[in-house]
Amino acid sequence: MKYFIITKRGIFIAVMLVLTGIILIAALGGERSVSTAAGTKRSIPVYCVQTDEKKLAVTFDAAWGAEDTQQLIEILKEYNAKATFFVVGTWAEKYPDSVKAFYDAGHEIANHSYDHTLYGKLPKQHIKEDIEKCNSAIQSITGEKPRLLRAPSGEYNEDSEAAAAELGMRTVQWSVDSLDWQGLSSEDIVRRVLNASENGSILLFHNDVKNTPAALKEILSELSEKGFSFVSVSELLYSDNYIIDATGRQIKSE
């Protein structure tokens, strides 16, 4: 992680910029960074998307077991939901049948690092190698190279953002965290997600977590009744002519 030393005046200006939403990111294909008050650049991933359409993205981080693979596929199918699975490379190598099953069911398979080493501990070249190693593990199963990256534990920095950009990949976080991995009850998971979901949200779940399937079923049911559709992250994102504000919200530009 890189830190910037600024004066008190610089801190004040930075806060004002954030509050007024002036910090912007250029469209894809241009500069993938935002300007800070210190005159430096920092890159940020997408956390959510501004849209008038009632659609959102359901995502899973896959790094543990795989016992609920078929159950998740059936629940997602019931609600015509296309999810994005951010897969750790070592998990893909251990459970290739699950990766293939998710892919064959029409879900998007994305990169979540090779072995979940935090990127803040690695130099950029090692991060690139890690990303490519995970891509190779996934591509050997699906035949398709991932286009999206979510950093381990969501811990990104300038080096990881630059590494992803140099490999032609887009970086994605989340705006609604189910906290399912903390052992929450299905009722608590449902409450957390429904209270925070809105147009363009990116929801975060984990596979192989005890209460996630039951919670997912209720969440998809209630959101469906409210008119929401569930698309992959790549389908949710704008591919060009957009900006990203200081909160990580991707906004279509005119």
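Quick notes on this one:
- Cα-based equivalent ellipsoid of region 152-254: semi-axis lengths in Å, sorted from largest, via gyration tensor: 27, 18, 11
- Inter-probe distance in nm under a simple model that places probes 7 Å from Cα toward Cβ, at Thr90 and Asp104: 2.7 nm
- In this structure region 40-181 gives 42 Å² per residue of accessible area when probed at 1.4 Å with all protein chains present.
- Cα gyration tensor category, rounded, prolate or oblate, for region 60-205 with a/c compared to 1.5: oblate
- For region 40-102 and region 173-237, distance of Cα centres in Å: 11 Å
- Contour minus Cα-Cα distance for Ile251 and Lys124 (0.36 nm per residue): 42.9 nm
- Simple spin-label estimate for Ser153 and Ser224 in nanometres, 7 Å along Cα-Cβ: 3.7 nm
- Each of Glu74 and Asp97 was given a label point 7 Å from its Cα along the Cα-to-Cβ line. The distance between the two points is 1.6 nm.
- Relative contact order (percent, whole number), region 86-150, Cα cutoff 8 Å, 6+ residue spacing: 44 percent
The values are calculated or read from the model by the stated rules, or taken from the named source; none is laboratory data. These figures come from a predicted structure and were not determined experimentally. Glycine also receives a Cβ, built like all others from the backbone with ideal geometry; neighbour counts cover every protein chain displayed. Only protein heavy atoms, including side chains, enter the accessible area calculation; ligands, DNA and RNA are left aside. Shrake-Rupley method; radii C 1.70, N 1.55, O 1.52, S 1.80 Å.
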